[in-house]
Amino acid sequence: MARTARSVALPDPIALASSLHRLLPPMRANEAIFADNCAALGARAPALASRIASAVVPPQHVLTWTGDGMPLLSVNGVALQHPADPCGDGTRWARGAVERLTAHGARRAIVVGLGLGYHVEALAQRFAGAIEVAEPDPAVWRSALTARDLRALLARIEPGDGSGAGDVAAQPDGAPGAVRVLAHAPSLLRADGLHRALYERLIARSGSSGLRLRILVVSPIAGGSLPIARYATRALARLGHETRLLDLSAFHNSLNELALFDAKAARRAELESRLCGVLGAGVAATAEAFAPDVVLALAQAPLDVAALDALGRTGAIRALWFVEDFRRFTYWQQVAAHYDHVFTIQTDDCFAALRAVCDARLAYLPCAFDPDEHRPLALSSEDQRAYGSDVSFVGAGYRNRRLALRRFLDQDFRIWGSDWEGAAELERVLQRSSARISSEDAVRIFNATRVNLNLHSSTYHDGVDPQGDFVNPRTFELAGCGAFQLVDQRSLLPELFAAGSELTVARSAGEMRAQAQHFLERPDERAQIAGRARARALAEHTYEHRMQALVAAIVASDQDRLLARSRPPTFADLAAREIGPLRELLERHPARAPFALDTVVRGITERAGDVSEEEAIFLFLHQFQELYLGEART
Amino acid sequence: MSARRILIVNLTRLGDLLQTSPTVAGLRALHPDAEITLLAEKNFAEVCEAIPGVDRVHRIDLDHLGHLLLAGGSRVGEAFHFVRNTVAELRAGRFDLALNFSSSRMSAVLLGLLDIPDVRGWSMTSDGFRAIQTPWARLFATLCLNRRVAGFNLVDCYRGVAGCLSTATPGLSFTVSDAARARVATRLDAAGIAAGARVIALQLGASRAVRRWPIESFARLAHELAGDGKRIVLVGGGGERALAAELLQACGSCATPLVDLCGQTSIQELGALLERCALLVTGDTGPMHMAAATRTPIVGLFFGPALPFDTGPYGTDHVVLHAGVSCAPCDHAVHCLDPFCRRTITAELVASVVRARLAADWSSLAEIGTALAARAPVRLYRTGFDARGLFDCPVLGTVLARPEDELRRAYRATWLTLLEGVPLPGARSTGLVDVAPFAALAELARLGTELTARLDRLVIDAARSLDAVQRVGREIEVLDRAIGEHGRVHPDVAVLTQMFAFEKETMPGEDLAGLTKESARLYRDLCRSADCMQALLGGSGAVGEVDHASIRQ
């Protein structure tokens, strides 16, 4: 689920109308355009034309115009073309697409995403091969056919909705059937994921991207993003990417040990900055050796400008998943410009702030949960006693929580987490002397608690933040555990969970207390709501979902760059080119593992018995490499 | 039995290929009707084609293979097929005898792939293990690990592997073409060097920096020799051009102008040039071996890992200066941070040696050697051949004997006795070497013969006496480990224990009875070799002088 930051600024209607009247020839009525287009479409794809004719364009599809009268379409806030120069943007896209098509000797292109057709027209002018357009949203077809005269384009392309996308089986470059799947990036960034799913399906079948990315995930030294780095790494690995986590929490003590120098605050900050500089240099050095396609930094990862520039020089795509409140943690102002992609858990205001300082591609990417870790547990009675209560809260002692949670002191109530020092009034319910709670213990607590309070943090409210937007990881983690929660209202919550049926939302601390009392007496209701929340979370809110969206967004905008990077072939790649005993030897190894001579030789030397000719040749190559290429390889 | 198609594998460089030439001559003498093929790296094919007796040169482009592997990706598949095609081409040669002079795992794998019935040198068994075939090849591998006491020149080891030690030794051979001679003559004329002029060539470079004599030393030498009126020519490959420029600058103006031909001669032209030279001053380099092949007198500068005994110029009346410092020879794999040994060979010393050699003044050279021994760790050696036609380089002058000299002499005699049946010479003990470790080794070997005798009695009915067989087998394992450790604790016997280890790993077959008999033989050989060494080293006495060894003229 990702939402682009590129929203269209609607022009002043009066100014627009007068300029249109002055500059443009009279436009034919939209109905006439649609009818003509449908007739042309019907001649090529009657079934599709029929579906489009009966399609209803929902209000989220918004048509506007440029100052020159060029139509613009946005869907759920995602603009499907450049807001000022859709033709120029389409031309730029088409030029890149033709380069890719030519480089691979493709005779056929499948374009996922129609938009209003600017990019497809530009492609049709430059590419002589067949062009199939796969637009799975009939409403987009209708909008496009209503807004623009596409008869010439429809005569040139093979229009479709992707369901019958042509034969995309992998073909050698230059073969008559060689096909490339091209993405219309804005379409892929639509929140509903319709186009992204189609694109990925086609990519997988065609093998035309062959993208198994090499991703370096960089964690912060400490803080809430740290476990997220680990979850993200696991998810990326499960998605089949070659992933490595640089867990910089190993340096947490080093940061703390700076206190040894007993420096004044400003100097201490400088020392911390220098330490982070060293860590950033270490990340850059790792990237030089690991040669990742993507470096994914989590919020607070110690990457300064120098480190980011060094990473950029390796050719890696730099992505930041900023899972913090952009208003509270403002360091992004110094570094955002040095990222290629910034993913955030907030939207409009956050996008606007980021856009003011950087040209990175921005996308909304909310938090998530890890089903392997955040899951229902059958607790022993001992654990139930140790971790359970009627009401509990797990988290840090921010101001609004210290004030709001007093309301629960008359309950069977426990508070778990760090940074509660000085909250004398809560001392009685504070567990483990304000020690940090591990993720594993948090899951036990969630499972053992009847009503989990989930109050988002604020340093300056007394309870609920009325302007609160982002949704914290705890929301998803509680849902994943199948644990009942009361969560404070957040503007971005409704599109993630249905209030009332999947989550119980409170607008104030008082309301949260009343809800707690209500649901403590209704265990069945709690179970049903929690069950629906878990189902929704499993279906849409795992880290695999997030990482899939993240990768898709990166691929959509940087596919050329990723494809241009050399990568070692897999065993399957090499095996596919061979026959006989050599192929059998290669197929002994995991298909998707990168081919390495060392791996082959290890397999040979670990096996008893006679050495085959193929194995002996690999031994020869390995020894040649050791003898003659040792220094050259490093 | 006479071979019909012989393959010699030597994937090394100029010098090593030239050092193969006596073996080729010996093979030709033993197998007059055989076709002899030399497998060499493409860049050195020109050398092989000029070695008399070589019928075919099979080139392998290792540069191309390297590029494929470095490119990685799908090009590794191309590399695989490159090797497969090379193997197929070599198999098509239907060789019946192969000699592997490239002592590397890579070449061993290659020989294992070629299905040649008689392989000598490094090879690979069917189940992927190293096998060093023939005793001389195992001895060569052993001496490479114990160079301080290596008693044979590499060339003679090659000849031993080929089984042609009994054939006459022509020395190194390289056929220089008339066209190359003409080109060189023109070049030297243009430089004002007339035919008949006494030209001294200086080979500036070496394969590794640690083997390179300092340029400032070469510069002082050039200055001195030019002052004598000699014409100096700088030789070497393209990689030495920078060194030549450095030398010319350091030299300044000389009495006679220096001629820089670095990187300007082909291999043929290098040979032609060296033919015109009265003498070559060089480190242990390929051009040194070329000079040996063209019978150009050599003054060799040996230090660092270079040793005159195993890689000295294979010919007669060459002079080698060797910096015999306590850490010599250093291992090829180490990176020395202070190669002080190079500085022990001064330009003034080399100049005096060059002058004496040019005059064939062996008395002066002996005096220089004697004087050197008193004040420096440098020794002078005169190359030649012993009565059996094997390379020898006795020291020039009167010097104090050293334990390694004794060991080298003793080992040489021992192996000639064991491998070639030469009668063991009489003892010439100086008491410099402790013989107790050899005695202890002999005892261990006798224990081995006892164990194998016991095993031999048991294997007749192995099925019934399986436990006993296994017990004796374990004892033999323990004994072999003890033998190996004995060699590590007492390096003087390491040659014997290492040779024993190589022999053991190459025992053929899996039949227990056969292996038992073979093991017994190996223990007997070990015992005999230890006894030989004791006999040659045994006795006591004051430290004495070492005479010139007899030199076959």
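The values are calculated or read from the model by the stated rules, or taken from the named source; none is laboratory data. What you see is a predicted model, and the numbers here were worked out from it, not measured in a lab. Counting neighbours? That spans all protein chains shown, and the Cβs are built from the backbone with ideal geometry, glycine included. Quick note on the areas: whole protein, heavy atoms, side chains included, nothing else; ligands and nucleic acids left out. Shrake-Rupley method; radii C 1.70, N 1.55, O 1.52, S 1.80 Å.
Could you list, in sequence order, the residues of segment B:332-341 that are open to solvent by 30 Å² or more (accessible area, probe 1.4 Å) and in contact with a strand residue (DSSP E or B) (Cβ under 6 Å, 6 or more places away or on another chain)?
Listed by number, the list is empty, since nothing qualifies.
For B:A242, state whether it is closer than 25 Å to B:G196 by Cβ, free of Cβ contacts under 8 Å to residues at least 60 places away in the same chain and open to solvent by 20 Å² or more (accessible area, probe 1.4 Å).
Judged against the criteria, B:A242 is not a match.
When the residues of segment B:342-361 are narrowed to those that are part of a helix (DSSP H, G or I) and within 21 Å of B:L400 (Cβ to Cβ), which ends up most open to solvent (accessible area, probe 1.4 Å)?
B:T344
In segment A:399-421, what residues are open to solvent by 70 Å² or more (accessible area, probe 1.4 Å) and out of contact with any strand residue (DSSP E or B) (no Cβ under 8 Å at 6 or more places or on another chain)?
A:R399, A:R406, A:R407, A:D410, A:D419, A:E421
Taking segment A:608-619, which residues are surrounded by fewer than 19 Cβ atoms within 10 Å (Cβ to Cβ), on the phi < 0 side of the Ramachandran plot and at the interface with chain B (Cβ under 9 Å from one of its Cβ atoms)?
A:A608, A:D610, A:E613
Could you tell me which residue of segment B:88-128 is nearest to the other protein chains (Cβ to nearest Cβ), considering only residues that are among the aliphatic types (A, V, I, L, M) and not in a helix (DSSP H, G or I)?
Among those that are among the aliphatic types (A, V, I, L, M) and not in a helix (DSSP H, G or I), it is B:M124.
Name the residue that is nearest to B:D115 (Cα to Cα), counting only residues in segment A:573-602 that are more than 12 Å from chain B (Cβ to nearest Cβ), touching a residue at least 12 places away in the same chain (Cβ under 8 Å) and not acidic (D, E).
Ranking the qualifying residues of segment A:573-602, first place goes to A:R588.
List pairs: first in segment A:531-556 and among the acidic types (D, E), second modelled with pLDDT under 90, Cβ under 8 Å, 6+ apart or cross-chain?
Close Cβ pairs satisfying both conditions: A:E540/A:M1; A:E544/A:R238; A:E544/A:L239.
Just to be sure before I move on: is B:A501 under 21 Å from B:P135 (Cα atoms), in contact (Cβ under 8 Å) with a residue 40 or more places away in the chain and of a type outside the set (F, W, Y) in the structure I sent?
No.
With respect to A:E270, is the statement that it is of a type in the set (D, E), under 28 Å from A:G315 (Cβ atoms) and open to solvent by 50 Å² or more (accessible area, probe 1.4 Å) true?
No, not satisfied.
If I filter segment B:24-83 down to residues being touching a residue at least 40 places away in the same chain (Cβ under 8 Å) and over 30 Å from B:S166 (Cβ atoms), which single residue comes out as farthest from the other protein chains (Cβ to nearest Cβ)?
Selected residue: B:E46.
Got a sec? Which helices (runs of 4 or more DSSP H) wholly within segment A:519-622 have at least 2 residues that are under 21 Å from the mean Cα position of the chain (by Cα)?
It comes to A:523-540, A:543-564.
Condition (residue is of a type outside the set (S, T, Y), within 28 Å of B:C48 (Cα to Cα) and open to solvent by 20 Å² or more (accessible area, probe 1.4 Å)) applied to segment B:318-331: is it met by at least one residue?
No: segment B:318-331 contains no residue that is of a type outside the set (S, T, Y), within 28 Å of B:C48 (Cα to Cα) and open to solvent by 20 Å² or more (accessible area, probe 1.4 Å).
Just wondering, is there one or more residues in segment B:166-187 that are outside the structural domain of B:V47 (by TED's automatic domain parsing), crowded, with 17+ Cβ neighbours inside 10 Å and on the phi > 0 side of the Ramachandran plot?
Yes.
Whether any residue in segment A:237-252 is modelled with pLDDT under 90 and over 30 Å from the mean Cα position of the chain (by Cα) is what I want to check.
no
Which condition from (1) open to solvent by 10 Å² or more (accessible area, probe 1.4 Å); (2) in contact with a His (Cβ under 8 Å, 6 or more places away or on another chain); (3) closer than 19 Å to B:L202 by Cβ is the one that B:R382 breaks?
(3)
Tell me, which residue of segment A:196-217 that is buried (at least 24 other Cβ atoms within 10 Å of the Cβ) and under 17 Å from the mean Cα position of the chain (by Cα) is modelled with the lowest pLDDT?
Step by step, filter segment A:196-217, then rank; the result is A:R196.
Is it the case that B:T134 is open to solvent by 20 Å² or more (accessible area, probe 1.4 Å), away from chain A (no Cβ under 14 Å), more than 30 Å from B:T282 (Cα to Cα) and touching a strand residue (DSSP E or B) at 6+ places or on another chain (Cβ under 8 Å)?
In short, yes.
Could you check, for segment A:563-571, whether at least one of its residues is at pLDDT 90 or above and either within 14 Å of chain B (Cβ to nearest Cβ) or open to solvent by 40 Å² or more (accessible area, probe 1.4 Å) (or both)?
no
Listed residues A:A106, A:A97; which is part of a loop (DSSP other than H, G, I, E, B), closer than 21 Å to A:L562 by Cα and in contact with a helix residue (DSSP H, G or I) (Cβ under 9 Å, 6 or more places away or on another chain)?
A:A106
Please go through segment A:69-80 and give me each residue that is open to solvent by 10 Å² or more (accessible area, probe 1.4 Å) and within 18 Å of A:D192 (Cα to Cα), ordered by number.
Passing the criteria: A:S74, A:N76, A:G77.
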